[in-house]
Amino acid sequence: MIQQNLGELAALGTALCWTISGITFESAGKKVGSLSVNYIRLILGFIFINTYSFFSRGMLLPLDATKNNWAWLMVSGFIGFFLGDLFLFQSYVEVGSRISLLIMASSPPISAFLGFVFLGERLELISLLGMIITIIGIAIVILNKETGESKVKITYSEKGLIYAFLGAFGQALGLICSKKGMGDYNPLAATQIRIISGFISFTILFIIAKKFGDLKIAFKNKKAMGVIAIGSFFGPFIGVTLSLVSLKYTSAGISSTITSIMPVTIIPFSILIFKEKVKPKEILGAIISVIGVGILFI
């Protein structure tokens with residue numbers, strides 16, 4: 001069971017890790033800004049993954065990667081870690097992690113389409129059914145969002161939703177580049193290359209935008225740094241590595257669909273941490289999503 005559905009199980013683990021990192025990064029982003037959070041989490045994530053790689057592989061850096069691995073994974077890191085996450089993390093600040101993660105439901109069909117075009121991946125009818133049911137469940141929760149708010153708040157909400165959708169597309173395209181570049185290569189080492197690409201991209205952005213002053217302020221905020229450290233452990237380190245393990249053992253469409261179950265995994269956090277009232281429609285949507293994911297395991 002475990003070996004047969006390793007890709008699907010890894011995707012479920014990814015969803016849980018990204019839910020935790022999404023909540024922590026939202027909190028930190030409101031304290032020190034999403035741009036600083038993006039940069040710092042890559043630094044901390046790189047430290048975590050390098051340390052683990054040294055003890056598990058006996059290699060601090062992915063020096064055994066081929067030119068093809070480096071090329072595609074660097075592109076993946078730029079699109080996924082930099083462009084996609086740049087939009088996604090700003091959406092966390094604009095509309096919150098819960099709504100942002102729900103919008104990520106648009107990523108599975110994009111991933112499936114790109115996987116078919118660039119990787120020749122074909123999904124069976126049962127898998128397509130599972131994807132559709134999962135997305136319908138998430139859509140029910142998204143459509144349940146109330147809109148009776150002030151004009152100013154609606155404007156910001158619309159901007160946040162656009163950022164979230166751009167983040168979803170970046171994630172989908174980044175997954176395809178990751179799968180093409182990784183092949184049979186070690187997922188942990190592949191994550192290192194992606195983080196290196198994201199780090200270089202954000203460093204260039206910080207130099208151009210002259211934002212290193214904000215970075216110094218962020219490093220001095222102990223509470224924010226503690227929260228970012230937790231998010232970095234579950235995000236760039238554990239979460240991203242699990243996502244590549246998932247891509248290695250299942251199709252991009254299925255992996256992305258199961259990862260999008262985050263709206264289900266975030267509901268307990270919404271109740272316990274944010275003291276939000278979960279409506280019956282949201283619970284119904286979550287149940288439908290779980291059924292859809294269950295079908296993908298068949």
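Taken together, the values in this text are just the output of simple stated rules run on the coordinates, not laboratory data. Computed from a prediction, not measured in an experiment: that's the story for all the values here. Using ideal geometry, Cβ is built from the backbone for each residue, glycine included, and neighbour counts are taken over all protein chains shown.
Of the trypsin sites (Lys or Arg not before Pro) found in segment 257-298, those that fall in a DSSP loop while having at most 10 other beta-carbon atoms within 10 Å are K275, K277. Projecting the Cα atoms of M225, W70, A252 onto the dipole axis of the chain, where Lys and Arg carry +1 and Asp and Glu carry -1 at the beta carbon, places M225 farthest toward the positive end. When +1 charges are put on Lys and Arg Cβ atoms and -1 charges on Asp and Glu Cβ atoms, the dipole computed for segment 156-231 relative to its Cα centre reaches about 320 debye. Across every pair of non-identical alpha carbons in the chain, the mean reciprocal distance, once inverted, gives a Kirkwood radius of 19.1 Å.
Reducing segment 226-298 and segment 173-216 to their Cα centroids gives an inter-centroid distance of 22 Å. About its Cα centre, the dipole of the chain is roughly 860 debye, where the only charges are +1 on Lys and Arg Cβ and -1 on Asp and Glu Cβ.
If only the Cβ of Lys and Arg carry +1 and only the Cβ of Asp and Glu carry -1, the dipole of segment 1-121 around its Cα centre is close to 280 debye.
When each of I132, I99 is scored by the number of other beta-carbon atoms lying within 10 Å, the sequence from fewest to most is I132, I99. Counting every other Cβ atom within 10 Å of each residue's Cβ, Y163, Y185, Y52 order from fewest to most as Y52, Y185, Y163.
Greater than 19 Å separation of Cα atoms is the criterion. Which listed pairs, K159/K222; K30/K223; K159/K220, meet it?
K159/K222; K159/K220
Taking a ≥ b ≥ c as the square roots of the eigenvalues of the Cα gyration tensor, an a/c ratio of 1.5 or more together with a/b larger than b/c marks segment 1-41 as prolate. Estimated from helical segments only, the mean residue ellipticity of the chain at 222 nm is -25500 deg cm²/dmol, where each DSSP H run of four or more residues counts as -39500 (n - 2.57). Within the chain, helices built from complete DSSP H runs that reach 30 Å or longer along their own axis (Cα positions) and carry a mean Kyte-Doolittle hydropathy of -1.0 or higher are 6-32, 34-57, 151-182, 187-209.
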